[in-house]
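**Q** Before we start, here is the structure in question, set down as structure tokens.
The values are calculated or read from the model by the stated rules, or taken from the named source; none is laboratory data. This is a predicted model, so every value here is computed, not measured. When we count neighbours, we look across all protein chains shown, and the Cβ atoms used for this are built from the backbone with ideal geometry, even at glycine.
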Amino acid sequence: MEPDEADELLDRLERDVPVSPALCPLSGGAEDDVIVFGDTHGDWRSTQAVAARFLADPGHRFLVGLGDYVDRSPDDCGEGSVANSLYLLDLAARFPDRVVLIQGNHETNRRIPVLPHDLPEEVDQLWGPDVERYARLVGLLERGPLAATTPSGAYLAHGGFPRSVAGTDWKRSFDTVSEDLLLDIVWGECAASRAHRGMDTQFTESDLERFFTASGLRVFLRGHDPDLAGRSVFHDRCLTLHTSRTYERFGGVLCAFLPLSRAIASTRDARIERLETEGKEFPPPD
């Protein structure tokens, strides 16, 4: 893609990609389901495998990403952060009511810096030094929500949830996205994980239960902690997904299917699939 073609694509995406509220409630038909995928980190090959499941029946499915679409791309994906972002944003433009791209800590880099951050270098490699193109691409990724909910009782976010909640007022914490809320949502770590980045206090099972009590929700699907990929913790109330071959050694390359409207009680109500990209390497792209 030449620089002028990239500019035209960014123009179109800026017209068509919706700006989501920080908390995005999903709604649809009783027979609809939700395909949830975890951190893809520039692995556009795995992203395409997930998208194929959505595109098989987009009228009855939602596609929800849990953030971290950029940085740490597999070697066989080229400038994977750029390719992955543009591919997902194009889906969001084509299906604005069906594709939800939740932000992770790698999408909120302009507020809380993260390392590594390969996206600006990839933009320069593809189209030459141009701060504006990088800013436009990041701005599009920032249009996604911080979290989503389903009428079936699921809460979907990259890392965590608001830690100071009181009754039904928990939703109001999303009205103004403070740095504390951002740390809770995109940097929140599960206490069952061996990883500890030190950005926020790890949430415990008791913390999660308090959030469920306040919100009326019952199941949390998240990304962020690769060592928990595919593991259901906290008495099957919290499930971590990763959808990148960069981290497949921990738990595979996964996505999950959730009913949209039929009440769910635990993560056992989610159907987990392993993608066909798992364990594979591909010729580098031209």
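**Q** Looking at Arg172, Arg197 in this structure, which one is more than 22 Å from Thr243 (Cα to Cα), free of Cβ contacts under 8 Å to residues at least 24 places away in the same chain and out of contact with any helix residue (DSSP H, G or I) (no Cβ under 6 Å at 6 or more places or on another chain)?
**A** Of the residues listed, the single one that is more than 22 Å from Thr243 (Cα to Cα), free of Cβ contacts under 8 Å to residues at least 24 places away in the same chain and out of contact with any helix residue (DSSP H, G or I) (no Cβ under 6 Å at 6 or more places or on another chain) is Arg172.
**Q** Mind listing whichever residues of the range 249-261 are touching a residue at least 40 places away in the same chain (Cβ under 8 Å), in a loop (DSSP other than H, G, I, E, B) and either in contact with a strand residue (DSSP E or B) (Cβ under 9 Å, 6 or more places away or on another chain) or aromatic (Phe, Trp, Tyr) (or both)?
**A** Val253, Leu260
**Q** Right, something else. Condition check: of a type in the set (S, T, N, Q), surrounded by fewer than 18 Cβ atoms within 10 Å (Cβ to Cβ) and under 27 Å from Asp75 (Cβ atoms). Does Gln103 satisfy that?
**A** So Gln103 does not fit the description; no.
**Q** Does the range 49-70 hold any residues that are free of Cβ contacts under 8 Å to residues at least 60 places away in the same chain and surrounded by fewer than 23 Cβ atoms within 10 Å (Cβ to Cβ), and which are they?
**A** If the condition is that a residue be free of Cβ contacts under 8 Å to residues at least 60 places away in the same chain and surrounded by fewer than 23 Cβ atoms within 10 Å (Cβ to Cβ), then Ala51, Ala52, Phe54, Leu55, Ala56, Asp57, Pro58, Gly59, His60, Arg61 are the ones that fit.
**Q** Answer with yes or no whether Ser81 is assigned to a helix (DSSP H, G or I) and at pLDDT 95 or above.
**A** yes
**Q** Can you tell which of Glu281, Glu273, Glu209 is of a type outside the set (S, T, N, Q) and in a helix (DSSP H, G or I)?
**A** Only one candidate qualifies: Glu209.
**Q** Let me ask another. Given (1) surrounded by 23 or more Cβ atoms within 10 Å (Cβ to Cβ); (2) within 26 Å of Asp32 (Cβ to Cβ), where does Cys190 come up short, assuming only one miss?
**A** Here Cys190 clears every test but (2).
**Q** Does Phe54 meet the test of being of a type in the set (Phe, Trp, Tyr), over 28 Å from Asp184 (Cβ atoms) and either out of contact with any helix residue (DSSP H, G or I) (no Cβ under 6 Å at 6 or more places or on another chain) or part of a helix (DSSP H, G or I) (or both)?
**A** Judged against the criteria, Phe54 is a match.
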